[in-house]
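Here is the structure we will look at.
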Amino acid sequence: MLKQFDEHLRPGGVVIVSLSQITFSNAEIGRKENYYQVLDREDIEPVSTFDYYTYTSIPALNSGSVYTALSRDIRDLRWESHEPWVNNGKNYSERKYEMVEAQYKQAVENRDIEQNMERVTDIVTYCQTKGYRVVLAMEPVHASYNACFDEAVMDRLVHQHLASLELDVPFLNYMTDERFIHQREYFHNPDHLNGKGRTLLSSLVYKDLKRLGYL
């Protein structure tokens, strides 16, 4: 993408490379497949399954007349069995951890980690060649997610590989930032910010880039 749009960037511009728990284990798995592994169908109640499929597959059935025909009790059950904040995010986070661990194990077996390390290096090298200033960044997560992806886990999944690359670029790690971690109001789900959270993070990144002399 950088190569495709670099005509719109100027030397001295800042490129922020976002890192996550799957940066080095990603094997080009589609987002839908990842998400379906988190929202396991067997955990969805029958009434919620009906609602799920009408909303994703048959939008016409969600017209006002059909929707109002459903009882209030049924409507109140919508998504309850697989909302990301059930049990304060613990269920979602534990499911996501299991998925990431399985993906990491597969990545080790398939040597995807080495390939992804090369990709990160290539991105940074390309940016530096073009005169762009690179910053690595990791977004905040909620406390329920951080409980699964603690420091030891992140060292194994990400930081050990990042350190071995010896990239001479700043790393803004907001993952356990106290301004976010216990503030559910900033999150869409335990590992993704909502609009309010993104607004706050953008302001913090801007301040940190100024502190680094990048702006």
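The values are calculated or read from the model by the stated rules, or taken from the named source; none is laboratory data. Just so we're clear, the structure is a prediction, and the values are computed from it rather than from any experiment. With ideal geometry, Cβ positions are generated from the backbone for all residues, glycine too; neighbour counts draw on all protein chains shown. Please note that ligands, DNA and RNA were not included when accessible areas were found on the heavy atoms of the full protein model with its side chains. Shrake-Rupley method; radii C 1.70, N 1.55, O 1.52, S 1.80 Å.
What is the spin-label model distance, in nm, from residue 192 to residue 169 if the labels are put 7 Å beyond Cα along the C-beta direction?
2.4
Quick one: 3J(HN,Hα) in Hz for region 171-181, Karplus 6.51/-1.76/1.60 with θ = phi - 60°, rounded, Gly and Pro as x.
Here the 3J(HN,Hα) series is 10, 8, 9, 9, 3, 10, 4, 5, 6, 10, 4 Hz.
Apply the Karplus parameterisation 6.51 cos²θ - 1.76 cosθ + 1.60, with θ equal to phi minus 60°, to every residue of region 115-129 and state each ³J(HN,Hα) to the nearest whole Hz, in sequence, with x for glycine and proline.
With coefficients 6.51, -1.76 and 1.60, one gets 5, 5, 5, 5, 5, 4, 4, 4, 4, 5, 4, 4, 4, 5, 4 Hz.
Give the accessible area for residue 188 in Å² (nearest 10); use a 1.4 Å probe, count only protein heavy atoms, and leave out ligands, DNA and RNA.
The value for residue 188 is about 120 Å².
Apply the Karplus curve 6.51 cos²θ - 1.76 cosθ + 1.60, θ = phi - 60°, to the phi angles in region 208-213 and return the couplings in whole Hz, x for Gly and Pro.
5, 5, 5, 4, 7, x
I need to check one value: relative contact order of region 80-215, counting alpha carbon pairs closer than 8 Å and at least 6 residues apart, in percent.
Working: 113 pairs, mean separation 38.2, N = 136.
The value is 28 percent.
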